[in-house]
Structure formats: structure tokens, C-alpha cells
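Enquirer: First the structure, which I've put down as C-alpha cells, then a few questions once you've had a look.
Derivation of every value follows stated rules applied to the coordinates shown; laboratory data play no part. All of these numbers come straight from a predicted model, not from anything done at the bench. With ideal geometry, Cβ positions are generated from the backbone for all residues, glycine too; neighbour counts draw on all protein chains shown.
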Amino acid sequence: MLILFVKLFITFFKIGLFNFGGGYAMIPLIQHEIVEKNHWMTNNEFTDIIAISQMTPGPIGINSATYAGYQATYNELATATVSGEMSSLTHYLLSITGSFIATFSVCLPSFILLLAIAKMLVKYMGNRNVKQLFAGLRPVIVGLIAASALLLMDSSNFGFATSERIISVLICAGVFLASWKYKIGPITLLIASGLLGLLIY
């Protein structure tokens, strides 16, 4: 149990430490650590977490960490609950503890670094080297956001059957067009897409 919580803390601390560019840039890091490296959940479960994180209030990166911490702990302890070694209530409470640890540890590096470099950054913000450093980080952030979009473009999101994939691509293209050309807000598009998915699927 303690080993799992320590691993969760280290994993999300590392994600928080190396994340540049906000919530969307954090998604590929979380996906790599949680799904690919530690196998705490499936890619399908991770996709659901991203969807929930986008629909709930607050930054998507922190929301994702909170839900991922809960789901990872829940999945890891599921066997103990099924075998009767652990009660459902204990399982639930420990999963909440996992979500708290993930949220705390993903925010901790930013808090520490902000305290450490805030004064120095204000002093040297006009420095040529500092400006070049940030100029180099900007394209990386765009790449990470693009990577998070590509990670979600798999069969679990776009369907397995050809008809499902065609409908999913049409919805995706329609949302992109509505957002880019007609400047329709994301909340309206989320509600419309959810209703459309409900009607079609």
C-alpha cells in the first residue's frame, strides 16, 4: 500500500516538475507514466479521465492528475477487494487518498520552483538568454499539445467499425470547423457533441 502511494507521489511529482505549457501539455506525460510505464490503467480509461477532466471545473492537468490518481489506486487495489482482503469502503477511501496524493504531488514542484525563482525571474526577465530560453520552450509546448491530441486519436475514441470511424471523423472535423471558422465557444460544442453522440450511438 505504502509502496503504491510512494510511487504515485514520485510519478506525479516528476510530471509536475517537467511539465511546461499548462494542462494540455501535461496529458502526454501522464499518459506515458500511468498507462505505458506503470500500467495502472488502460488507454480507454485514460481517455475517459481526459473527457471528465475537460468537463469539470478547474485546470485540465490538475483534474487529470486527481482522476488518474484515484483510478490508478482503485485498479491496483481491486484484486484485494474482490478476494475479500479489503472492504469496499476501505478500497474507496484509499482511492480518494491516491487522488489526493497525485493532486498534491503534481502541484508541489510548481509551488517550490515558483518560490525559488520568482524574484530572480522578475529581475532577469529582460535578459537576452532568458528570452531565448523561453523562445525555445514555446515550440515544445505546441508539440506536446499536438501530441496529446494525437494520443487520443485511436480506435477506442474513433470506434472500431468503419461507420463509427467515419461518424467520429465527421464530428471531429465539424467541431474543428465550428471552433476555428465560426468561433463557436467550447461549452456549446461540448454540449452539442455530447447530444449528437447520444443520438447517434
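Enquirer: As an exercise, identify the chymotrypsin sites (Phe, Trp or Tyr not before Pro) in region 130-196 lying in DSSP coil whose Cβ has no more than 14 other Cβ atoms within 10 Å.
Expert: Hits after loop and neighbour filter: Phe160, Tyr182.
Enquirer: As a check on your grasp of the helix formula, calculate [θ] at 222 nm for the chain: sum -39500 (n - 2.57) over DSSP H runs of n ≥ 4, divide by the residue count, round to the nearest 500.
Expert: -27000 deg cm²/dmol
Enquirer: Still on this structure, please answer the following. Taking DSSP loops as anything outside H, G, I, E and B, show the longest stretch in the chain free of trypsin sites (Lys or Arg not before Pro) there with at most 12 other beta carbons within 10 Å.
Expert: 1-180
Enquirer: Further, regarding this structure: Over the chain, with a Gaussian network built from C-alpha contacts below 10 Å, which listed residue (Leu190, Leu94, Leu108) shows the highest mean-square fluctuation?
Expert: Leu190
Enquirer: Hey, what did the chain get for relative contact order, percent, Cα under 8 Å, at least 6 apart?
Expert: Reported relative contact order: 24 percent.
Enquirer: Choose one answer from Tyr67, Tyr124, Tyr24: the residue with the largest mean-square fluctuation in a GNM of the chain with alpha-carbon springs under 10 Å.
Expert: Comparing Tyr67, Tyr124, Tyr24 in a Gaussian network model of the chain, the most mobile one is Tyr124.
Enquirer: Let me ask something else. Specify the residue with the greatest mean-square fluctuation among Thr97, Thr81, Thr11, computed from a Gaussian network of the chain linking alpha-carbon atoms under 10 Å apart.
Expert: Highest fluctuation among the options: Thr81.
Enquirer: Quick one: Cα centre-to-centre distance for region 79-95 and region 131-194, in angstrom?
Expert: Here the two parts' Cα centres lie 37 Å apart.
Enquirer: Arrange the following residues from fewest to most other Cβ atoms within 10 Å of their Cβ: Met55, Met86, Met26.
Expert: Ranked by crowding around the Cβ, least crowded first: Met55, Met86, Met26.
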